[in-house]
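**Q** What follows is a single structure, and I will ask about it in a moment.
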Amino acid sequence: MPSRGRARPSGRPFGVTKALMLVTDVGFLLYFSITGLGLVPPEWAFADYANPIMVSWNWSFLWIDVLAGLTGLTSLHLIRRAAPNGPPLMLVSLVLTAASGLMAVAFWTLRGDFSLTWWIPNLYLLLFPLPAIIRLTGRGGTAGGGHG
């Protein structure tokens, strides 16, 4: 008799999170490479992009974003190999990613700048990690060591 109620968990825990992490973590590294090379088109830049204070603010995210990206990519590799330290490293990466998004959203809020061009990506950084963070810290969950 088929079970009723909640659907059975998939055989690929965190599958969506892993895919989003891969795109995001590569994106962090690409963003700072593109920014460092001065390749951001002016029409895509945030308000006061050339202002030295804003340049410094943007570059202040380098370390948290690069650390999030590198820990995320490393965790995905470790999880694929079923290494026990993969899920804790995934948690570190997701927390850094959410913190980066929160910092940017807080900044844009304080400035009163509500450009969707910059709000949407930063809300994404803040919000996409939350379900996996809750799962990794809540019920003793794992990132599916090697199942995906």
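The values are calculated or read from the model by the stated rules, or taken from the named source; none is laboratory data. Computed from a predicted structure; not experimentally measured. No Cβ is skipped: glycine too gets one built from the backbone with ideal geometry, and neighbour counts run over all protein chains shown. Heads up: the accessible areas ignore ligands, DNA and RNA and are worked out on the full protein's heavy atoms, side chains in. Shrake-Rupley method; radii C 1.70, N 1.55, O 1.52, S 1.80 Å.
**Q** Taking only protein heavy atoms and a 1.4 Å probe, what accessible area per residue, in Å², does the chain have with all protein chains in place?
**A** Accessible area per residue: 61 Å².
**Q** Let me ask another. Filter the chain for me: DSSP H helices, axial length by Cα at least 30 angstrom, mean Kyte-Doolittle hydropathy not below -1.0. List them by residue number.
**A** Helices meeting the span and hydropathy rule in the chain are 15-36, 86-111.
**Q** Which FRET efficiency, nearest 0.05, do Ile134 and Ala50 yield, Cβ-Cβ r, R0 41 Å?
**A** The computed FRET efficiency comes out at 0.55.
**Q** What ratio of Cα Rg to 2.2 N^0.38 Å holds for segment 10-133?
**A** Output field value: 1.12.
**Q** Set Lys and Arg Cβ to +1 and Asp and Glu Cβ to -1, take the dipole of the chain about its Cα centre, and tell me which of Leu136, Leu37, Trp59 lies farthest positive.
**A** After comparing all options, I get Leu136.
**Q** Next up: Note the full-extension length gain between Thr109 and Val16 as 0.36 nm times their separation in residues minus their Cα-Cα distance, in nm to one decimal. Write out the running numbers ahead of the final one.
**A** On the way: separation 93, 0.36 × 93 = 33.48 nm, distance 2.90 nm.
Length gained between Thr109 and Val16: 30.6 nm.
**Q** Given the options Ala50, Ala132, Ala68, which has the most mean-square fluctuation in a GNM of the chain, springs set between C-alpha atoms less than 10 angstrom apart?
**A** Ala50
**Q** Heavy atoms only, probe 1.4 Å: what % of the accessible area of the chain goes to carbon and sulfur, would you let me know? Let's see the in-between values first.
**A** On the way: 6250 of 9020 Å².
So the carbon and sulfur contribution to the accessible surface is 69 percent.
**Q** Another question, if that's okay. Using +1 on the beta carbon of Lys and Arg, -1 on that of Asp and Glu, and nothing else charged, what's the dipole of the chain about the Cα centre, debye to 20?
**A** Roughly 1060 debye, rounded to the nearest 20.
**Q** Only Cα pairs under 8 Å and at least 6 apart count here; give the relative contact order of segment 53-96 as a rounded whole percent.
**A** Once normalised by length, the contact order is 39 percent.
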